[in-house]
Amino acid sequence: MSGKFKFNLYSQKILDYIKLFLVILMTVICIVICAQAFTKVSSANFYATIVCCIVLTVLEAVNAFVIKKFVAKMIFYGLDSALILTICVLTGNSFMSTIYCIVLTQCYVSIEKFKDKTILFGVSCGIFSVSFVIGCVVSNPYTDALEIVTGVLFGLLALVIDYVVTTFLLKFYKTNLELSSALKEADENRARLEEVYEELTNTKVFEERNRIAKDIHDTAGHSMTTVIMQTEVAKLLIDENPEEAKNRIISANIQARNALEQMRESVHLLAGRERKRPLKEEMEEVIAQTIDGTDVKARYDLDFIQPDAETYRFLINSLKELLSNGIRHGKATAFYVELKKQEGGLTMLVSDNGAGVNGKIVEGFGLKGLREKAEKLGGTLSLSSDEGEGFEATITLPVVKEKK
């Protein structure tokens, strides 16, 4: 518990009310003592008693509300003890134990450490005993010894009861304050955590929506653009070169299916329904859709790998792009697809028997996007092709994040 927190505990209103009550009680006791002294002691002693009672009450008030340091409080306590002894000598031992209990309770309330309270209690028991004996001897030299001992014992019993009860109540009160403060702090922390969690959730949702929008733009949008271009070319070639027009229409059909699949996946993601199909099955489905209704053949060798969602989507989109490119640009009629788990990563290979490339491979929009995404995921994209020898693309990713 920090010092600042302890200071706040000891500054609670209820402690000030207790101090005020003790000052008022001391004032009442002093008035009673003065009233009794009016009929029992001489005028000089009576006026001296009044002065001592007034000074004692003032010191009690100052000690309660002004003095903060322990050493200063002990000095005031010494003055209080001297005044109490003087009052006892002037008037007898009436209310001596009561006055001591009031003064000590005021000190217990103001003192923080339990050790200091215990030391004060022990010293006070000794001072009280000595003061009581002196008061008895001075005010009435013929007081019976048994009466003195009995008075001391009863007074000490009162001090013990005051110490135990006051210490217990203060401990209970301060523990209750600590618990209340801890609960309040816990509630505030929970509220702050809920706010942060809500902000993070909103940010995550916003980022996910942006990512989905980009996927739609990059993949489905690109596919639909290609479909339009292919069908436009097919319209121009349908009379002059029916076979080429047919190939264009087949390619457009594949692109349209890929775009539709991408749109479905994006809708599922927006609805919060992540696709649960294993990567192997999803790739098999993409291959089947590509060759369905065409003369294109495909072989594949796929390991069972279930990576994180981002890698999953990248591999599926890459397969679609490479199959589409092979048919559209390379006029490929056969494909080989391989997905292998390696130590610390995975490799996906897609090769075809298309026309290949004469010279340097020029990366278009699709291949450039695949390379950038692979590098973003910490992997690489390797392309190789020779004229008449087909086209081969290898994607290597360093880390496979398995789903639990």
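The set of residues in the stretch 38-54 that are farther than 16 Å from F95 by Cβ and out of contact with any helix residue (DSSP H, G or I) (no Cβ under 8 Å at 6 or more places or on another chain) comprises S42, S43, A44, Y47, V51.
Just to be sure, is V123 among the aliphatic types (A, V, I, L, M) and touching a helix residue (DSSP H, G or I) at 6+ places or on another chain (Cβ under 7 Å)? So V123 does not fit the description; no.
Among the residues of the stretch 130-177, which ones are among the polar types (S, T, N, Q) and either outside any helix (DSSP H, G or I) or open to solvent by 30 Å² or more (accessible area, probe 1.4 Å) (or both)? Give the steps one after another, and end with the answer.
Step one: filter the stretch 130-177 for residues among the polar types (S, T, N, Q), giving 131, 139-140, 143, 150, 166-167, 175-176.
Residues satisfying the conditions are S139, N140, T143, T150, T175, N176.
Residue selection: N8 satisfies the criterion of being exposed (fewer than 14 other Cβ atoms within 10 Å of the Cβ), modelled with pLDDT under 90 and part of a helix (DSSP H, G or I). For beta carbons closer than 8 Å, sequence separation of 6+ or different chains, a first residue in the stretch 269-287 that is within 20 Å of L319 (Cα to Cα) and at pLDDT below 85 and a second that is surrounded by 13 or more Cβ atoms within 10 Å (Cβ to Cβ) and aromatic (F, W, Y), there are no qualifying pairs.
For the stretch 330-348: of the residues being touching a helix residue (DSSP H, G or I) at 6+ places or on another chain (Cβ under 9 Å) and open to solvent by 60 Å² or more (accessible area, probe 1.4 Å), which is nearest to D303 (Cα to Cα)? Per the criteria, the residue is T333.
Applying the condition of being open to solvent by 50 Å² or more (accessible area, probe 1.4 Å) and among the small types (G, A, S) to the stretch 18-72 and asking which residue is modelled with the lowest pLDDT yields S42. Considering the stretch 91-126, the residues that are over 25 Å from Y47 (Cβ atoms) and aliphatic (A, V, I, L, M) include one that is modelled with the lowest pLDDT, namely I111. Taking every residue in the stretch 226-245 that is charged (D, E, K, R) and pairing it with any residue that is surrounded by 12 or more Cβ atoms within 10 Å (Cβ to Cβ) and in a helix (DSSP H, G or I), at least 6 positions away or on another chain, the pairs with Cβ-Cβ distances below 7 Å are E244/L237. For the stretch 109-129, filtering for residues that are over 20 Å from E147 (Cβ atoms) and either surrounded by 22 or more Cβ atoms within 10 Å (Cβ to Cβ) or of a type in the set (S, T, N, Q) (or both) leaves 3. Does V103 satisfy the condition of being open to solvent by less than 20 Å² (accessible area, probe 1.4 Å) and in contact with an Asp or Glu (Cβ under 6 Å, 6 or more places away or on another chain)? Yes. Part of a helix (DSSP H, G or I), of a type in the set (S, T, Y), within 17 Å of L260 (Cβ to Cβ) and modelled with pLDDT of 70 or more: is that true of T231 in this structure? Judged against the criteria, T231 is a match.
Are there any pairs, at least 6 apart or on different chains, whose C-beta atoms fall under 7 Å, with the first in the stretch 348-363 and closer than 11 Å to H329 by Cβ and the second open to solvent by 60 Å² or more (accessible area, probe 1.4 Å) and in a loop (DSSP other than H, G, I, E, B), and if so, which? Here the result reads G354/K331; A355/K331; G356/D386; G356/E387; G356/E389; V357/E387, each pair linking the stretch 348-363 to a residue that is open to solvent by 60 Å² or more (accessible area, probe 1.4 Å) and in a loop (DSSP other than H, G, I, E, B). Counting only residues that are more than 14 Å from F391 (Cβ to Cβ) and either modelled with pLDDT under 90 or more than 43 Å from the chain's Cα centre (by Cα) (or both), the stretch 315-327 holds 3 of them. Scanning the stretch 359-380 for residues that are closer than 14 Å to R313 by Cα, under 38 Å from the mean Cα position of the chain (by Cα) and open to solvent by less than 100 Å² (accessible area, probe 1.4 Å) yields K373, A374, L377.
The values are calculated or read from the model by the stated rules, or taken from the named source; none is laboratory data. What you are looking at is a predicted structure, and each value in this text was computed from that prediction instead of being measured. Note: ideal-geometry Cβ built from the backbone for every residue, glycine included; neighbour counts use all protein chains shown. Surface accessibility is based on the protein's heavy atoms, side chains included, excluding ligands, DNA and RNA. Shrake-Rupley method; radii C 1.70, N 1.55, O 1.52, S 1.80 Å.
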